[in-house]
Amino acid sequence: MINYDLLKEEIEKIGVELDSYGFDRFDSYAERLVRWNNHVNLTAITEPDDIVIKHFADSLYILKYLHISEGQSLIDIGTGAGFPGLPLLITTPELEVDFVDSVGKKLAFIKDVLRNAGLVARVIHNRAEELGNDEDYREKYDYAAARAVAPLNIVCEYGLPLVKLGGLFVSLKGSTGKQELKQAENAIKVLGGELVKFDEYTLSNGDARSIIIIRKISHTPTKYPRKSKKIDTRPL
Ligand code: SAM
């Protein structure tokens, strides 16, 4: 379904290596995404080249910035149809990935892709802020990542409580990243984070993107994350 040459070009630009199984896994992921999208609302992007550039390559940009080592863990918050977590897992199977979403149908899709690809990962049906108050998940991850889930000051309260001390929270944004970062300065500080990287770049179709990387430098105070309604109505 997808153009392997285009995917090869994209991943080479990012500096990722992929064997032939990896290409086939991306191909059947794209095919399932389009098929499932007929009955579950997963994505507005359904053209094969767009899937490669706007979903797969966009998710994999994280690997330009992170040096993942064997056995490290990542939680993908508000994963939807698996972005960025599934492309990361396909290219980096040594990463332990937990997929989280508050909508069960999206997780059924993730399970189907995992099963078909022979990949192993945990799929969690919950809100990220609930997990942040659960000792089994709080401050347990090397990385938390979120793409297109909520404004940065809100998504920081979902993500930073889950990251262990010294770990990283990564937020993928469109063209509003700089503005959102300004608005999130207080949230980052209060939740125990420190900005380590902000970068703006352009996907090969011309779309503007940005990446924000925050290191957890002190424990998140126990009163965070707050209840969902409070996070939304009184963002930090
Ligand atoms: N990350 C995917 C992507 O980039 O294509 C999906 C983005 S979609 C716009 C946002 C997703 O986040 C939805 O699937 C929604 O159910 C989920 N979500 C929003 N708030 C959440 C929360 N607090 N905890 C878990 N999932 C959440």
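The values are calculated or read from the model by the stated rules, or taken from the named source; none is laboratory data. Please read all numbers here as calculations on a predicted model, not as lab measurements. Heads up, the Cβs are rebuilt from the backbone with ideal geometry, glycines too, and the neighbour counts pull from every protein chain shown. In case anyone asks, the SASA skips ligands and DNA or RNA and just uses the protein heavy atoms, side chains included. Shrake-Rupley method; radii C 1.70, N 1.55, O 1.52, S 1.80 Å.
A few points about this structure:
- For beta carbons closer than 7 Å, sequence separation of 6+ or different chains, a first residue in region 133-149 that is modelled with pLDDT of 95 or more and a second that is surrounded by fewer than 17 Cβ atoms within 10 Å (Cβ to Cβ) and basic (Lys, Arg), the qualifying pairs are 139/164; 140/164; 141/164; 142/164.
- Criterion violated by residue 30 - all others in (1) of a type outside the set (Phe, Trp, Tyr); (2) buried (at least 19 other Cβ atoms within 10 Å of the Cβ); (3) in contact (Cβ under 8 Å) with a residue 40 or more places away in the chain satisfied: (3)
- Candidates in region 177-192 are the residues that are touching a residue at least 12 places away in the same chain (Cβ under 8 Å) and not aliphatic (A, V, I, L, M); of these, the one that is farthest from residue 138 (Cα to Cα) is 178.
- Total residues in region 89-105, condition within 12 Å of the ligand (Cβ to nearest atom) and touching a strand residue (DSSP E or B) at 6+ places or on another chain (Cβ under 9 Å): 7
- Being among the hydroxyl-bearing types (Ser, Thr, Tyr) and surrounded by 15 or more Cβ atoms within 10 Å (Cβ to Cβ) holds for only one residue in 175, 204, 218, 171, and it is 171.
- Members of region 42-56 found to be within 20 Å of the chain's Cα centre (by Cα) and either touching a residue at least 60 places away in the same chain (Cβ under 8 Å) or surrounded by 14 or more Cβ atoms within 10 Å (Cβ to Cβ) (or both), listed by number: 42, 43, 45, 50, 51, 52, 53, 54, 55, 56
To keep it simple, each residue is scored yes or no on (1) open to solvent by 40 Å² or more (accessible area, probe 1.4 Å); (2) at pLDDT below 95.
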| residue | (1), (2) |
| --- | --- |
| 17 | yes, yes |
| 36 | yes, no |
| 58 | no, no |
| 87 | no, no |
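- Verdict on residue 74 being in contact (Cβ under 8 Å) with a residue 60 or more places away in the chain, under 30 Å from residue 166 (Cα atoms) and outside any helix (DSSP H, G or I): yes
- Conditions (1) small (Gly, Ala, Ser); (2) within 15 Å of the ligand (Cβ to nearest atom); (3) more than 18 Å from the chain's Cα centre (by Cα); (4) open to solvent by 40 Å² or more (accessible area, probe 1.4 Å): number failed by residue 118: (2)
- The residues in region 60-82 that are away from the ligand (no atom under 13 Å from the Cβ), open to solvent by less than 30 Å² (accessible area, probe 1.4 Å) and of a type in the set (S, T, N, Q) can be counted, and the count is 1.
- Within region 216-236, residues that are without any contact (Cβ under 8 Å) to a residue 24 or more places away in the chain sit with their Cβ atoms under 9 Å from residues that are in a loop (DSSP other than H, G, I, E, B), at 6+ positions apart or across chains, in these pairs: 222/133; 234/226.
- Taken together, the residues in region 128-158 that are part of a loop (DSSP other than H, G, I, E, B) and either more than 8 Å from the ligand (Cβ to nearest atom) or surrounded by fewer than 17 Cβ atoms within 10 Å (Cβ to Cβ) (or both) amount to 11.
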